[in-house]
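The values are calculated or read from the model by the stated rules, or taken from the named source; none is laboratory data. Here the structure is a predicted model, which is why all the values come from computation and not from measurement. Using ideal geometry, Cβ is built from the backbone for each residue, glycine included, and neighbour counts are taken over all protein chains shown. Side chains are part of the model used for accessible areas, which takes the heavy atoms of the whole protein and leaves out ligands, DNA and RNA. Shrake-Rupley method; radii C 1.70, N 1.55, O 1.52, S 1.80 Å.
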Amino acid sequence: MLLPHGVMFHHFHGGRHAPGQGSLSADGLHRLLDFLDPSRLLSAEEWLRHAMGGSLQPGMLCLTFDDGLKCQYDIAAPVLAERGLTAFFFVPSAVLEGGTLKLEIYRHVRHACFPSMETFYAAFEESLMRSPHASAAREALHDFSPTSYLPALHYYTDADRRFRFLRDRVLGQERYEEIMDRIVADCGPTGRVDLAALPALLWMSPDDVRNLRRQGHVIGLHSHSHPTDIAALALPQQEEEYRRNRDCLSSLLDEHIVSMSHPCNAYSPATLTILRSLGIRMGFRSMLEGGSTDPLELPRQDHAHVFAMMNAS
Ligand SMILES: [Zn+2]
């Protein structure tokens, strides 16, 4: 019997939310929930009680939604309501305070402006070659062999490997964002992406989060600004990320926040100490492997794996 774990969801499509890599429709979510044994599925409050009391049992499951996405509110929450289910929603507070998360904007632009990943990769390299980082990129590509980069991730195409090499090894986050911000800006004027309207399309509002709580869902932390590697930040910055997130959500909902999920699965023992000092008592990883008995490191399985098992059965 499997360890008790959460099922992790991100993107949904339907209505004004266009399909994207890994997104589920309302119907897909229904089918996935049919596939999960309902007797194993706990309400969020019930899961939390068991997790905090140390009484989670093998096979127990719960549902979790990361990143405060509007598509979850529009597409998934009605499905949960219809089936009388509740879930965890882990919400980065920057988006509740009028900020944006670049990762999500890039994802949206990639799908909305480019007919395929290949056309996006071509535009990315074109923009890179017009940037001050062109000669460094050309030099790095000279010796680049896609077959020896990330060989363990066998589902990547050569183009995927080349893009990741440029992004992670040649550019690094800051310069990558420079290039991407230029692509985003170029997409705006064509009318394909209304940048001003994006935040309302991509993220929940404070009222949405309050409504979810009223419906019995549990709201938890996911850091303030969703760094891609929060464990790499200095400890005072990590503390600031989670303290701001906690203060925003607890004042919005007028309650203590006790749960969280680790953005991009990034954390260190010091991160867990910070979370404990902020009153957090239950946290989720983003994968099944590598968890511990610490209630701040509970395992989760990506919905895509459950979906694959369902289609294979
Ligand atoms: Zn996240």
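Key figures for this structure:
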| read-out | value |
| --- | --- |
| Tally of residues being part of a helix (DSSP H, G or I) and of a type in the set (Ser, Thr, Tyr) across the range 210-254 | 3 |
| Residue tally, condition farther than 30 Å from LEU195 by Cα and in a helix (DSSP H, G or I), over the range 131-184 | 11 |
| Subset of the range 223-233 (residues that are polar (S, T, N, Q) and either out of contact with any helix residue (DSSP H, G or I) (no Cβ under 8 Å at 6 or more places or on another chain) or surrounded by 16 or more Cβ atoms within 10 Å (Cβ to Cβ) (or both)) | SER223, SER225 |
| So GLU239, is it of a type in the set (Asp, Glu) and farther than 21 Å from MET117 by Cα | yes |
| Flag if ASP74 is charged (D, E, K, R), over 30 Å from TYR156 (Cβ atoms) and either open to solvent by 10 Å² or more (accessible area, probe 1.4 Å) or in contact with a strand residue (DSSP E or B) (Cβ under 9 Å, 6 or more places away or on another chain) (or both) | yes |
| Residue list for the range 298-313, restricted to those being open to solvent by 30 Å² or more (accessible area, probe 1.4 Å) and either under 19 Å from GLU45 (Cα atoms) or in a loop (DSSP other than H, G, I, E, B) (or both) | SER313 |
| All positions within the range 234-291 that are hydroxyl-bearing (Ser, Thr, Tyr) and open to solvent by less than 20 Å² (accessible area, probe 1.4 Å) | TYR242, SER259, SER261, THR271 |
| Number of the exception - SER43 against (1) touching a residue at least 40 places away in the same chain (Cβ under 8 Å); (2) in contact with a Phe, Trp or Tyr (Cβ under 7 Å, 6 or more places away or on another chain) | (2) |
| Single residue of GLY216, GLY220 found to be of a type in the set (Gly, Ala, Ser) and either in contact with a His (Cβ under 9 Å, 6 or more places away or on another chain) or surrounded by 16 or more Cβ atoms within 10 Å (Cβ to Cβ) (or both) | GLY220 |
| Residue match in the range 173-183 (condition: of a type outside the set (D, E, K, R), open to solvent by 50 Å² or more (accessible area, probe 1.4 Å) and more than 20 Å from GLN21 (Cα to Cα)) | yes |
| Which listed residue is closer than 18 Å to ARG83 by Cα and crowded, with 17+ Cβ neighbours inside 10 Å, from SER23, SER43 | SER43 |
| Checklist (1) more than 20 Å from ASP229 (Cα to Cα); (2) touching a Leu at 6+ places or on another chain (Cβ under 8 Å) applied to PRO151, failing item | (2) |
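Residue-by-condition table, conditions (1) more than 16 Å from the ligand (Cβ to nearest atom); (2) in contact with a strand residue (DSSP E or B) (Cβ under 9 Å, 6 or more places away or on another chain); (3) not assigned by TED's automatic domain parsing to the domain that holds PRO269:
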{"residue": "SER131", "(1), (2), (3)": "yes, no, yes"}
{"residue": "TYR149", "(1), (2), (3)": "yes, no, yes"}
{"residue": "TYR155", "(1), (2), (3)": "yes, no, yes"}
{"residue": "ARG162", "(1), (2), (3)": "yes, no, yes"}
{"residue": "GLN215", "(1), (2), (3)": "yes, no, no"}
{"residue": "THR228", "(1), (2), (3)": "no, no, no"}
{"residue": "ALA234", "(1), (2), (3)": "yes, no, no"}
